[in-house]
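The values are calculated or read from the model by the stated rules, or taken from the named source; none is laboratory data. The structure presented is a predicted model; accordingly, all values stated were derived computationally and were not measured. A quick note on method: Cβ atoms are made from the backbone with ideal geometry, for glycine too, and the neighbour counts reach across all protein chains shown.
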Amino acid sequence: SKSPVTVAVTGAAGAICYNLLFRIAAGDMLGTDQPIKLRLLEITPALKALEGVVMELDDCAFELLDSVEIGDDPNTIFDGVNLAMLVGARPRTKGMERGDLLEANGAIFTAQGKALNAHAADDVKVLVTGNPANTNALIAQSNAPDIPAERFNALTRLDHNRAIAQVAQKAGVPVSAVTNMTIWGNHSATQYPDVFNARINGENAFEVLGSDFDWVENTFLPTVQKRGAAIIDARGASSAASAANATLEHVQNWVLGTPESDWTSMAIPTSGAYGIDSGIISSYPVTVTDGTTSVVEGLEINDFSRAKIDASVAELREEAAAVKELGLI
Ligand code: NAX
């Protein structure tokens with residue numbers, strides 16, 4: 001049988017993790033033949049609640065769950081980890097300016113970046129879900145100089161899945177018919193879901209939907225961009241099960257590869273592709289083959305898409321400049 005993979009998850013007593021941990025332990029992420037050692041990080045006041053989550057993990061008697069360790073010190077929790085899923089973050093509270101939010105999260109992600117740099121396994125992959133995800137990932141990456149930059153990703157898979165669901169509903173097809181979706185840019189309201197390069201049953205999605213530009217601009221884009229707020233409005237709490245699912249699917253594709261003839265969306269360190277210079281972590285269409293992530297090249301970017309991508313990239317550059325100003329990167 002396979003030797004265990006050591007998976008660190010932060011924010012482990014939070015809402016996303018209440019969905020995520022059980023699915024990881026059930027084998028939904030790395031396969032039903034892959035034993036897992038879980039390392040769960042929380043802040044000190046949440047450790048008691050986390051003990052309750054661990055009791056529930058015990059009570060599932062998951063055969064793949066080799067061990068569970070919990071703690072509030074990233075240096076201990078990240079020791080020897082192969083995967084680090086950074087879900088925990090400081091939420092924006094009333095009266096908090098954007099600068100305050102970046103600073104509060106900066107403290108978390110500088111410390112976690114340094115701890116990963118010092119203690120993680122050589123093959124560690126780090127996925128940031130906690131918001132502002134792209135810039136938190138940039139902070140962690142900048143504070144982990146010994147880990148190759150491409151091992152730091154941020155989550156835009158939830159946006160990707162939301163875009164697929166909207167297109168499938170509009171076309172009246174099953175979600176499996178919708179492929180080649182892309183989220184470009186930041187995981188924020190400026191993100192750009194690209195329907196022009198997506199496909200429905202292999203055909204150009206925009207054309208299958210009747211080349212309805214008005215729907216794209218005035219319904220599809222705002223629905224995907226504001227979906228998080230719509231869920232908070234309806235549920236009284238932010239997306240948790242769907243965010244957990246997306247976090248799990250990102251890691252699954254990163255470790256096990258993307259399906260033939262399709263791609264996914266991942267926010268990755270930029271290096272010039274599609275005119276986006278280095279220095280930020282931006283979402284792209286990517287494939288993963290034999291463990292290597294590659295940007296899908298040669299997609300046509302129309303003027304509408306270009307302007308939307310540029311605006312989201314500009315926002316990421318502003319966030320990067322702000323955290324540089326704060327001395328966090
Ligand atoms: P919760 O507030 O339920 O849980 C977050 C947990 O993180 C809390 O238990 C808190 O104690 C813990 N935490 C805070 N600082 C920590 C630290 N330094 N080390 C370890 N744990 C720490 O939030 P939840 O709904 O689980 O959301 C978690 C994060 O995901 C938030 O930042 C949220 O904004 C973000 N999201 C990101 C999404 C994405 O697509 N990238 C979508 C869903 C979600 O909104």
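Exactly one residue out of A177, A137, A171 is at negative phi, buried (at least 24 other Cβ atoms within 10 Å of the Cβ), hydrophobic (A, V, I, L, M, F, W, C) and in contact (Cβ under 8 Å) with a residue 24 or more places away in the chain, and it is A137. Scanning segment 106-127 for residues that are near the ligand (Cβ under 8 Å from one of its atoms) and either under 16 Å from A321 (Cβ atoms) or touching a residue at least 40 places away in the same chain (Cβ under 8 Å) (or both) yields one hit, Q112.
The lone criterion from (1) modelled with pLDDT of 95 or more; (2) closer than 28 Å to K324 by Cα; (3) within 15 Å of the ligand (Cβ to nearest atom) left unmet by G71 is number (2). G11 satisfies every condition listed in (1) without any contact (Cβ under 8 Å) to a residue 40 or more places away in the chain; (2) near the ligand (Cβ under 9 Å from one of its atoms) except (1). In a residue-by-residue description of segment 76-84, the property of being within 10 Å of the ligand (Cβ to nearest atom) and surrounded by 13 or more Cβ atoms within 10 Å (Cβ to Cβ) applies to at least one position. Does V216 satisfy being within 13 Å of the ligand (Cβ to nearest atom), modelled with pLDDT of 95 or more and either part of a strand (DSSP E or B) or not charged (D, E, K, R) (or both)? Criteria not met by V216.
For segment 66-94, a tally of residues being touching a Ser or Thr at 6+ places or on another chain (Cβ under 9 Å) and assigned to a helix (DSSP H, G or I) returns 2. State yes or no: is A321 out of contact with any strand residue (DSSP E or B) (no Cβ under 8 Å at 6 or more places or on another chain), surrounded by fewer than 18 Cβ atoms within 10 Å (Cβ to Cβ) and under 19 Å from I268 (Cα atoms)? Yes. The one condition from (1) modelled with pLDDT under 95; (2) within 12 Å of the ligand (Cβ to nearest atom) that L47 does not meet is (1). Taking segment 281-329 as the range and being at positive phi and under 19 Å from the mean Cα position of the chain (by Cα) as the test, only G291 passes.
Count of segment 232-272 residues, restricted to those that are in a helix (DSSP H, G or I) and either within 16 Å of the ligand (Cβ to nearest atom) or under 23 Å from I139 (Cβ atoms) (or both), is 18.
Could you tell me how many of the residues in segment 1-60 are in a helix (DSSP H, G or I), of a type outside the set (A, V, I, L, M, F, W, C) and under 25 Å from S238 (Cα atoms)?
Final tally of qualifying residues: 9.
Only residues that are in contact (Cβ under 8 Å) with a residue 40 or more places away in the chain, surrounded by 19 or more Cβ atoms within 10 Å (Cβ to Cβ) and within 21 Å of E315 (Cα to Cα) were counted in segment 189-219, giving 3. When G228 is tested against (1) part of a helix (DSSP H, G or I); (2) surrounded by 15 or more Cβ atoms within 10 Å (Cβ to Cβ); (3) modelled with pLDDT of 95 or more, exactly one condition is not met: (3).
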